[in-house]
Amino acid sequence: MYKLGNVIQNYAWGSKTAMTALFGITNPDDQPQAELWMGAHPNGCSRIVCEGESQLLSDVIEQSPETVLGRYTHDKFGELPYLVKVLSAAKPLSIQVHPKKSAAEEGFHRENLAGIPLNAAERNYKDPNHKPEMVYALTNYKAMNGFRVINEMVELFEQANCPTLAEDVQALKANPTPIQLSAFFREVISLTGDKKQAAIAELMENIGSKGLSTDAKAIFELIAGFATEYPNDVGLFAPLMLNVIELEAGEAMYLDAETPHAYLEGTGIEVMASSDNVLRAGLTPKFMDVEELLKNTRFEPIPAQHLRLKGQVKDNKVCYNVPVDDFKVEVITLTDKPQTEFVRSAEIIMCLQGKLTLESEGEEISLVAGESAFIPYSSRQYSYKGMGKAVRTFN
């Protein structure tokens, strides 16, 4: 077993205080601490101390992949197939879509052939992998996830009362199908020039109107907040089209490939396939490729009540069985009675609250909130005990 040294990503939307408040992680330079990465992705690989030397986790895996990952994981994925993050948003992230596996492989190959550097701002595909993901909220957590059912979308646009988009809204109302939704989303997200300025001006003029429904008022307040940061961004229309969901601490949701979404505020554990592929279309100063995003979007509405991920309670655990093979997640309530786990793949375990003690073959590791450990397949089994909570990721 190895204690992990993890990378903090200082993206502009990150919170400057949340990781200190939750985990005691210092922030001496007053930087936005957006994401803490645990895994072997090259854009932010964890380190371990092995035989007295600090090494990249990816190098340790590469030296003995079957021993570290297990034969099944090595044969199926060829790498550690998941990435665990603490994500802490003080401001909205971009409206984004992640590609499915086949599209990521094709896009990665295409951009390599074009000679686009991996770290180039205009690069869409950083790796050849898909990026389904799950979020477990550590605080109140607000996000947008998936298209609203179409009648809700139409009703919100009618209350927004944007004459510039009236014809498009009526076309969607008359033909509430995935094909028409695709055409409508393309029209809104591709607005440019005078038409874009007129539509945004109409939206901002009407979001304070009297007589709005309670739901519309909350959505328009959200848009007004977005406008302080991104006043001329087509992403201001996103809350009218996408479900807005608020998770309480301890709730979870799943986000599939090809599903438009954006995290807005709060801190959570985010577990995903090991990928950094993001296609953006609004609420961001970063590179946006709207055409590529549209090619990789599935235009299927998701009823809001279906967004929360139901965990299966088993003894001291809540188990989240997501519909992909790349990762499984368990949130553990710790007790002072040791519990034994049999290892079926490489694991990452993080202490969320309190203190966690791991023991395997006479070796012991202690973790406090915010710390994590890597458990290779070769451990075969280990025990844990403590007080507080932990999150366990494996495949």
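The values are calculated or read from the model by the stated rules, or taken from the named source; none is laboratory data. As the structure is a prediction and not an experimental result, all values here were calculated from the model. Glycine also receives a Cβ, built like all others from the backbone with ideal geometry; neighbour counts cover every protein chain displayed. To get the accessible areas, we keep the full protein, side chains included, count just its heavy atoms, and leave off ligands, DNA and RNA. Shrake-Rupley method; radii C 1.70, N 1.55, O 1.52, S 1.80 Å.
Could you tell me whether any residue of the stretch 25-41 is crowded, with 16+ Cβ neighbours inside 10 Å, touching a helix residue (DSSP H, G or I) at 6+ places or on another chain (Cβ under 9 Å) and of a type in the set (Asp, Glu)? There is no residue in the stretch 25-41 that is crowded, with 16+ Cβ neighbours inside 10 Å, touching a helix residue (DSSP H, G or I) at 6+ places or on another chain (Cβ under 9 Å) and of a type in the set (Asp, Glu).
ASP336 falls short on exactly one of the conditions (1) touching a Lys or Arg at 6+ places or on another chain (Cβ under 6 Å); (2) open to solvent by 80 Å² or more (accessible area, probe 1.4 Å); (3) closer than 25 Å to ARG47 by Cβ; (4) of a type outside the set (S, T, N, Q), and that condition is (3). GLU292 falls short on exactly one of the conditions (1) in a helix (DSSP H, G or I); (2) within 15 Å of GLY146 (Cα to Cα), and that condition is (2).
Would you call GLU364 in a strand (DSSP E or B), farther than 25 Å from ALA21 by Cα and touching a residue at least 24 places away in the same chain (Cβ under 8 Å)? Steps first, please.
Details: in a strand (DSSP E or B): yes; farther than 25 Å from ALA21 by Cα: yes; touching a residue at least 24 places away in the same chain (Cβ under 8 Å): no.
For GLU364, the condition - in a strand (DSSP E or B), farther than 25 Å from ALA21 by Cα and touching a residue at least 24 places away in the same chain (Cβ under 8 Å) - is not met.
The condition of being under 27 Å from the mean Cα position of the chain (by Cα), assigned to a helix (DSSP H, G or I), surrounded by fewer than 20 Cβ atoms within 10 Å (Cβ to Cβ) and outside the structural domain of ALA90 (by the TED database) does not hold for ALA166. The residue list LEU236, LEU203, LEU279, LEU242 contains one member that is open to solvent by less than 30 Å² (accessible area, probe 1.4 Å), closer than 29 Å to ARG123 by Cβ and free of Cβ contacts under 8 Å to residues at least 60 places away in the same chain, which is LEU236. Only one of the numbered conditions (1) over 20 Å from SER94 (Cα atoms); (2) assigned by the TED database to the domain that holds ALA137; (3) open to solvent by less than 10 Å² (accessible area, probe 1.4 Å) is not met by GLU251, and that is (3). Among the residues of the stretch 339-364, those that are of a type in the set (Asp, Glu) and open to solvent by 60 Å² or more (accessible area, probe 1.4 Å) comprise GLU359, GLU361, GLU363, GLU364. Within the stretch 38-49, residues that are closer than 19 Å to ASN119 by Cβ have Cβ atoms under 9 Å from residues that are assigned to a loop (DSSP other than H, G, I, E, B) and of a type in the set (Ser, Thr, Tyr) in these pairs: GLY39/SER46; GLY39/SER274; ALA40/SER46; ALA40/SER274; HIS41/SER274; HIS41/SER275, counting only partners at least 6 apart in sequence or on another chain.
Collect the residues in the stretch 28-53 that are farther than 27 Å from PRO376 by Cα and touching a strand residue (DSSP E or B) at 6+ places or on another chain (Cβ under 6 Å), keeping them in residue-number order.
Within the stretch 28-53, PRO32, GLN33, ALA34 qualify.
Could you check, for the stretch 120-136, whether at least one of its residues is in contact with a Phe, Trp or Tyr (Cβ under 9 Å, 6 or more places away or on another chain) and open to solvent by 60 Å² or more (accessible area, probe 1.4 Å)?
Filtering the stretch 120-136 down to residues in contact with a Phe, Trp or Tyr (Cβ under 9 Å, 6 or more places away or on another chain) leaves 120-129, 132-136.
Filter again for open to solvent by 60 Å² or more (accessible area, probe 1.4 Å), leaving 121-122.
So far as the stretch 120-136 goes, yes, one or more of its residues are in contact with a Phe, Trp or Tyr (Cβ under 9 Å, 6 or more places away or on another chain) and open to solvent by 60 Å² or more (accessible area, probe 1.4 Å).
The helices (runs of 4 or more DSSP H) falling completely within the stretch 1-109 that include 3 or more residues that are under 24 Å from the mean Cα position of the chain (by Cα) map to 18-23, 71-77. Considering (1) in contact with a strand residue (DSSP E or B) (Cβ under 8 Å, 6 or more places away or on another chain); (2) at pLDDT 95 or above; (3) open to solvent by less than 10 Å² (accessible area, probe 1.4 Å), the lone condition that LEU80 does not fulfil carries the number (1).
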